[in-house]
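The values are calculated or read from the model by the stated rules, or taken from the named source; none is laboratory data. Not measured: the values here are computed from a predicted model. Methodologically, a virtual Cβ is constructed for each residue, glycine included, from the backbone with ideal geometry; neighbour enumeration extends over all protein chains shown.
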Amino acid sequence: MIKQPRFKKAILTALTMLVSMSSLMLPAQAADDNLVAVRGSFFDFTDDPWKHIGHEEESARFFADGMLVIDNGIIKAFGPYSEIVSKYPKAKVTTIQDRLILPGFIDGHVHFPQTRVLGAYGQQLLPWLQQWIFPEETKYKDPTYAKEGVKHYFDNMLAGGTTTVLDYGTAFPTAVEAFFDEAGNRNMRVICGIGGIDRNVPKTFMTPPDMFYTESKRLIEKYHGKGRNLYAITPRFAYGDSPELLQKCSQLHKEFPDCWVNTHISENPTETRSAPLEHGVRDYLGCYEKYGLVGPKFVAGHGVWLSDSEYARLSKAGATVSVCPVSNLFLGSGLFRLGRATDPNSRVRLVFGTDMGGGNRFSMLSVLDQMYKVGMCNNTMLDGSLDPSRQDDSAAERNKLNAYRAFYSLTLGGAQGLYLDDKIGNFEPGKEADFVVLDWKGGPPATAWHQSLICDRPTTMDQAASLLFGVYSVGDDRAVDETWIYGKRQYKKGK
Ligand code: GUN
Ligand code: ZN
């Protein structure tokens, strides 16, 4: 090797460093040209409001004049406009006025193949499934029917401000493939799987356990972790699943521990009594525990009739209940015990869901509307006026769905319930930029009147929360003005 004088070596090293630094800086500057930003009033959550009872505002963030900077779908910066704007002079800014911008809503329990059959009259769960649901879902064997259905489904979801779903597929892989393909086209963060069912169901709709295993595995390998798609191993419900089918779920769960497990639990009194008898266990949760399915990323829908023991076990396992009050009222299933689920001694992770078509609405704002009323009924039952021996003032209070608890549940709370809070749920940098733009006066004429009594435009967190309560208690899904997915606007009201 040729010897170099010391000073020459030092100059060479310095030059090399300069060159490599500038080559690092160049792409960063070029990347800055691609930044987009949104300026407006932002509201999100950093904590669980049920941990801050009486001071719920401590769990939230509100910037009356805020800025969100987005780099290729990912949040790069978030905060007051005055602090952020000078750091990103090249970002292309969209200004959104007179609106509240929240993280996209998460629907943690929904059935896309029921899109054409919501609002089916007059039956409780089990006859409703037989009369309306299984015949409709059977049509999803046809890929053309399935494709058209999922398009309509996602259009409705976006119009409601929903950006992420945990969905039930039918028994037929074609339908689930149509779902993942369409979600991929729209670049949405979704979880879904083939719904396995082989008992108490017409022959034409059965999923034989071997076929369920093979097809679930094939779809996991094809879709799980591809783009924003994620897979849930989906035993439809213990009442409709044989021990052999649950055994296949257990096998898949061991082979693909990263996947979710999505199912129903204790929805309707009749199935809640029958399922444990069919599986020889003490209660509904026991059916899934028997096969090692209950743990983080286990999500069980409804839970209206869960016992205190089941709540304690769900909490300990880190499992999640999806809460579906619209459906529970429509099918007459019962009143979800929100105060019990949020008991700090055995808090259970929750995600709210429409359960469309058991739920007769696509809108998560309807879910809040109905949950508020269910919570108030529970509040009455627990305040001692009905039965002094059941009086529980703390549980009574936890049932009240104020705006903080409500919108936390649709955003960060739902993301925590789905173990997706590293990706979505609030405006923390590094997360995916899915959000909804709410027009607080957008509902029926009564909304504008009601909201103008609060303020013209919110300047404090308290005012923003009051407007948000009005959005679901007086307004409706017409409040959803825009829905953005991965930094791009995918829905605009009236367009
Ligand atoms: N349990 C099993 N399948 C279903 C369904 O499709 N909807 C509801 N609400 N409950 C179920
Ligand atoms: Zn359901």
Quick check, is ARG61 at negative phi, in a helix (DSSP H, G or I) and either within 16 Å of ligand 1 (Cβ to nearest atom) or not aromatic (Phe, Trp, Tyr) (or both)?
no
Determine whether segment 376-387 contains at least one residue that is surrounded by 15 or more Cβ atoms within 10 Å (Cβ to Cβ), of a type in the set (Gly, Ala, Ser) and either under 23 Å from VAL471 (Cβ atoms) or at pLDDT 95 or above (or both).
no
Of the residues GLN130, GLN123, which single one is assigned to a helix (DSSP H, G or I), modelled with pLDDT of 95 or more, among the polar types (S, T, N, Q) and outside the structural domain of LYS441 (by TED's automatic domain parsing)?
GLN130
Just to confirm my filter: which helices (runs of 4 or more DSSP H) fall fully inside segment 333-404 and include at least 2 residues that are more than 16 Å from ligand 1 (Cβ to nearest atom) and in contact with a strand residue (DSSP E or B) (Cβ under 9 Å, 6 or more places away or on another chain)?
338-341, 364-382
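Condition check ((1) farther than 20 Å from VAL480 by Cβ; (2) crowded, with 23+ Cβ neighbours inside 10 Å; (3) away from ligand 2 (no atom under 16 Å from the Cβ)) across all residues:
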| residue | (1), (2), (3) |
| --- | --- |
| THR46 | yes, no, yes |
| ILE53 | yes, no, yes |
| GLU56 | yes, no, yes |
| PHE62 | no, no, yes |
| GLU83 | yes, no, yes |
| LYS87 | yes, no, yes |
| GLY104 | no, yes, yes |
| ASP107 | no, yes, no |
Any chance segment 382-396 includes a residue that's touching a Lys or Arg at 6+ places or on another chain (Cβ under 9 Å), of a type outside the set (A, V, I, L, M, F, W, C) and closer than 15 Å to TRP50 by Cα?
no
Check on GLN97, surrounded by fewer than 19 Cβ atoms within 10 Å (Cβ to Cβ), within 16 Å of ligand 2 (Cβ to nearest atom) and more than 25 Å from the chain's Cα centre (by Cα)
no
Here is a list: SER242, SER250, SER274. Which entry is in contact (Cβ under 8 Å) with a residue 24 or more places away in the chain, within 26 Å of the chain's Cα centre (by Cα) and buried (at least 16 other Cβ atoms within 10 Å of the Cβ)?
SER250
Restricting attention to segment 389-429, which residues are within 20 Å of the chain's Cα centre (by Cα), charged (D, E, K, R) and surrounded by fewer than 24 Cβ atoms within 10 Å (Cβ to Cβ)?
ASP421, ASP422, LYS423, GLU428
Looking at (1) more than 20 Å from LEU412 (Cα to Cα); (2) out of contact with any Pro (no Cβ under 9 Å at 6 or more places or on another chain); (3) within 16 Å of ligand 2 (Cβ to nearest atom), which is the only condition GLY359 fails?
(2)
Close pairs from segment 133-144: first assigned to a helix (DSSP H, G or I) and at pLDDT 95 or above, partner within 13 Å of ligand 1 (Cβ to nearest atom) and not hydrophobic (A, V, I, L, M, F, W, C), Cβ under 6 Å, at least 6 apart:
GLU137/PRO113; GLU137/THR170; TYR140/PRO113; TYR140/THR170
Looking at segment 277-313, which of its residues are under 24 Å from the mean Cα position of the chain (by Cα), closer than 21 Å to GLY334 by Cα and more than 16 Å from ligand 2 (Cβ to nearest atom)?
LEU285, GLU310, TYR311, ALA312
